[in-house]
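Working notes, beginning with the structure itself.
Derivation of every value follows stated rules applied to the coordinates shown; laboratory data play no part. Note that this is a predicted model, so its numbers are computed, not measured. We place every Cβ from the backbone using ideal geometry, glycine too, and count neighbours over all the protein chains shown.
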């Protein structure tokens, strides 16, 4: 290698290293706290799918004791990894990668107001690792996942109802107070925002196109 070639190669390496450091400083890691390896999988055992606010699982869900219309749970799930993707926060397509959920966690998802599909709706759903009674607890591999509504609209609590014809593995988020005579209109469509609480630290994401997704378990 000539002196000129050595000088060019060394200069290029230094410039590339400096640019990488600058980008790493400004961009930083995405997602709540840390980014895991790989992207989300549509085959994850539990998925909350934006656009239609569907809750999907790989097996039959059960209803929580005493809460048959607003709480469901599914056992045998690895709740130590979670991934988000979609038009998160900045309006650009993004994914967090697999996040190691080694501490207690909850995810709260707000839908959009069914009246205009733009503003944040009154209700939300909460997802968490739980025991067999639907009480939120520590993550495990495997353990239960519980999904419940935690807000209400007037005197009518929001509901989680089977998504016909997929009555076992698919559920929809439903507001019975919007138009009582119109089932289709009462589905809470589109995700407005997602809040992840991991070990007591809160991270909140807006979902600009309503079609963000949450994947639980690889």
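Key figures
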quantity	calculated
Near-label residues of the stretch 106-148 by backbone N, under 18 Å of a point 7 Å along Cα→Cβ of residue 195	106-113, 119-129, 136-137, 147-148
Sorted by Cβ neighbour density within 10 Å, fewest at the top, the residues 209, 60	60, 209
Sorted by Cβ density within 10 Å, fewest first, the residues 158, 192	192, 158
Alpha carbon centroid spacing (whole Å) that separates the stretch 50-65 from the stretch 188-218	16
